[in-house]
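K.L.:
Can you keep this structure in mind? I'll have questions shortly.
The values are calculated or read from the model by the stated rules, or taken from the named source; none is laboratory data. Since the structure is predicted, the reported quantities are computational estimates derived from the model, not experimental observations. Virtual Cβ from ideal backbone geometry, glycine too; neighbours counted across all protein chains shown.
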Amino acid sequence: MGTLPDPLPVPATGRRTGTWRVTDDGLASRSARARGSGPYASTVPASLSSEAGGPGLALALPGDLAADVADAETALTAFGAHATTRLGADNPALGPMSAVLLRTESASSSQIEDLTVGARQLALAELEESRSANARAVVANVRTMEAALRLASDLDLGAVLSMQAELLTGDPAAGRLREQLVWVGRSGLSPLGAAHIAPEADLVPAAMSDLLAFIAREDLPVLVHAAIAHAQFETIHPFTDGNGRTGRALVHAMLTGKGLLTATTAPVSAGLLTDLTGYTDALTAYRAGDARAIVEQFSRAARYAAATGTRLVDDLAAQLDASREQLEGVRRHALAWRVLPLLVGQPIVNAAHLQRILGVSAMTAQRALAQLTAAGVLREATGRSRHRVWQHSGILGVLDDYAAQVRRQA
C-alpha cells in the first residue's frame, strides 16, 4: 500500500451550538416542523491573519504539492501568452476573446450551482432577447466576473460587496453582508442535517476582515493563495445568496490582481465542474484543517483550464480566419470588417447592438449585417421582419462543443 500524501495544515474551524425552531407559517406540516427543530452547530471560522501584524497563516507546502502548483501556474501563464500570441496583442479580437472566455467561465461557475444555459441563449440574453431565467442569471454572473476583474487591484470589502451586488441586481439583500443564519443543504426550513452550517451572522464582519487581510498578502504562490481564500470565503458564506459564484469570481480577481493572468480569463470553474464531488469534499477537508485537497483541486482545474482553453482559443480563432476569407470580396474599409472580431465575444447580434458598440447609424449597421449575411458569415436567425437577430453558427457551435465536453467529464 502507498503512503498517504503529506497534508497542508491550516487551522480547523470551531463550532458554536444553538437551537433551531421551525416557525409555523402554514406551509410546513407539524411533522416537518418537529424534524427541523432542535440543536445545531454552526461554524466558527479560524483566523488566517495575525492580530499582532505578523505574516499570519504559515504554510509549508509539501514538495510534491509545490511542484504541482508550479506546473499549474506555468500552464496558466502559457495559456495567457498563447491567447495573445495566437491573436496578436493588437488584434481587435483579443478583447472579444477575453469576453467569450469570461462568459464561458461564468457559465461553468453557474453550472456548479445547477444553472445550465447554452451559448445561443446566453448570447441572446446579452441582447436582452432571451426569455430564459437561467440565461439571465448567467449574464448576471458575467457582470459579477467583470466587476471582479475591474476591482482586482484593490480587493477590499467594498469590492466584494460590489461583485455580489452585480450578481443579484434588484435583490434587497444585494451588496450587503447577511444578517441571518445560512447553510448548505437541501432543506430551506432548517439547518439540521446540512452539509455546512455557516458562521452566525454576528461573526461574519470580523471573519471577512480577517480574510481580506489574508488576501492582501504578497508572499504566497498565487494559486495556493486563491484556493485557500476561496475555501475560507465559502466557509464564511457571507451572503444570503450567490456565495459560490461570488467566491469563484473572487478567485479570478486574485489571479488577475496578483499577475498570474493579465490579458484574458481562464475557464477554471470548468475544471472544477469536472469533479464536483472532489471540489466539495476538498472544502470539507479544508474546514477540518487540511488545505491540501483544495489546492490540488485548483491546480487540476488550472491545468484543465489551460489545456482546454488553448484549444478553445484556437478553434475560435480558426472560425475568425474562415470568416475573413468569406469577406475577401468586401471593401477593407467597410464596417463589416470591424464587426467580424466582435462576433467572437458576441456571436449573436442585432442592429441596435452594433449601433451601440460601434457608434454608427441604424442604416450603417444594417448595411454591415447585410454584407456579412451575403458573404455567409452570419445568418438571420428569427425569420421575422422585426426584432431580427443574426448569428455566427460556427462560433456558437464551438462554444456548445466546449460546454458539452465539460459536461461529459463532470
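K.L.:
Go through (1) over 26 Å from ILE197 (Cα atoms); (2) buried (at least 24 other Cβ atoms within 10 Å of the Cβ); (3) among the polar types (S, T, N, Q) and name the single condition THR256 misses.
P.N.:
It fails just one condition, (2).
K.L.:
Yes or no: segment 271-286 includes at least one residue that is touching a His at 6+ places or on another chain (Cβ under 7 Å) and crowded, with 24+ Cβ neighbours inside 10 Å.
P.N.:
no
K.L.:
Just one of ALA75, ALA125, ALA93 is more than 16 Å from the chain's Cα centre (by Cα), among the small types (Gly, Ala, Ser), modelled with pLDDT under 85 and crowded, with 19+ Cβ neighbours inside 10 Å; which is it?
P.N.:
ALA93
K.L.:
When only residues in segment 391-407 that are touching a Ser or Thr at 6+ places or on another chain (Cβ under 9 Å) and surrounded by fewer than 20 Cβ atoms within 10 Å (Cβ to Cβ) count, which is farthest from ASP114 (Cα to Cα)?
P.N.:
GLY394
K.L.:
Can you name the number of the only condition in (1) closer than 30 Å to ALA270 by Cα; (2) in a loop (DSSP other than H, G, I, E, B) that SER385 fails?
P.N.:
Exception for SER385: condition (1).
K.L.:
Considering ALA67, ALA46, ALA81, which residue is assigned to a helix (DSSP H, G or I), of a type in the set (A, V, I, L, M) and at pLDDT 95 or above?
P.N.:
ALA67
K.L.:
Go through segment 14-39 and count every residue that is in contact with a helix residue (DSSP H, G or I) (Cβ under 9 Å, 6 or more places away or on another chain), of a type outside the set (Ser, Thr, Tyr) and part of a loop (DSSP other than H, G, I, E, B).
P.N.:
Qualifying residue count for the region: 4.
K.L.:
Also: Determine if segment 223-239 includes at least one residue that is among the small types (Gly, Ala, Ser) and either surrounded by fewer than 22 Cβ atoms within 10 Å (Cβ to Cβ) or modelled with pLDDT under 95 (or both).
P.N.:
No; the residues of segment 223-239 include none that is among the small types (Gly, Ala, Ser) and either surrounded by fewer than 22 Cβ atoms within 10 Å (Cβ to Cβ) or modelled with pLDDT under 95 (or both).
K.L.:
List the helices (runs of 4 or more DSSP H) that sit entirely inside segment 262-354 and contain at least 3 residues that are touching a residue at least 12 places away in the same chain (Cβ under 8 Å) and closer than 22 Å to LEU8 by Cβ. Spell out how you get there, then give the answer.
P.N.:
Values: elements: 268-273, 276-287, 292-326, 335-345.
Because the criterion is at least 3 residues that are touching a residue at least 12 places away in the same chain (Cβ under 8 Å) and closer than 22 Å to LEU8 by Cβ, the helices (runs of 4 or more DSSP H) in segment 262-354 that meet it are 268-273, 276-287, 292-326.
K.L.:
Another question, then. Identify all residues within segment 130-155 that are charged (D, E, K, R) and either in a helix (DSSP H, G or I) or crowded, with 19+ Cβ neighbours inside 10 Å (or both); write none if there are none.
P.N.:
Of everything in segment 130-155, those that are charged (D, E, K, R) and either in a helix (DSSP H, G or I) or crowded, with 19+ Cβ neighbours inside 10 Å (or both) turn out to be ARG136, ARG143, GLU146, ARG150.
K.L.:
Taking the residues in segment 1-45 that are of a type in the set (A, V, I, L, M, F, W, C) and without any contact (Cβ under 8 Å) to a residue 60 or more places away in the chain as candidates, determine which candidate is nearest to ALA198 (Cα to Cα). Lay out the reasoning, then the answer.
P.N.:
We begin by selecting, within segment 1-45, every residue of a type in the set (A, V, I, L, M, F, W, C); these are 1, 4, 8, 10, 12, 20, 22, 27-28, 32, 34, 41, 44.
Next, only the ones that are without any contact (Cβ under 8 Å) to a residue 60 or more places away in the chain stay: 1, 4, 27, 34.
Working: MET1: 37, LEU4: 30, LEU27: 25, ALA34: 22 Å.
The selected residue is ALA34.
K.L.:
Right, here's the next one. Among (1) part of a loop (DSSP other than H, G, I, E, B); (2) out of contact with any Ser or Thr (no Cβ under 9 Å at 6 or more places or on another chain); (3) over 18 Å from ALA216 (Cβ atoms), which single condition is GLY259 missing?
P.N.:
Unmet for GLY259, out of (1) part of a loop (DSSP other than H, G, I, E, B); (2) out of contact with any Ser or Thr (no Cβ under 9 Å at 6 or more places or on another chain); (3) over 18 Å from ALA216 (Cβ atoms): (3).
K.L.:
Within the set of pairs 6 or more residues apart or between chains, which connect a residue that is of a type in the set (Lys, Arg) inside segment 166-190 to a residue that is surrounded by 15 or more Cβ atoms within 10 Å (Cβ to Cβ) with Cβ atoms less than 8 Å apart?
P.N.:
That search, which allows pairs on different chains as well, returns ARG176/LEU161; ARG176/PHE239; ARG178/ALA201; ARG178/VAL204; ARG178/HIS237; ARG178/PRO238; ARG178/PHE239; ARG178/THR240.
Residue-by-condition table, conditions (1) assigned to a helix (DSSP H, G or I); (2) within 22 Å of THR284 (Cβ to Cβ):
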| site | (1), (2) |
| --- | --- |
| PRO199 | no, yes |
| ASP202 | yes, no |
| MET208 | yes, yes |
| ASP219 | no, no |
| ALA226 | yes, yes |
| ALA229 | yes, yes |
| PHE233 | yes, yes |
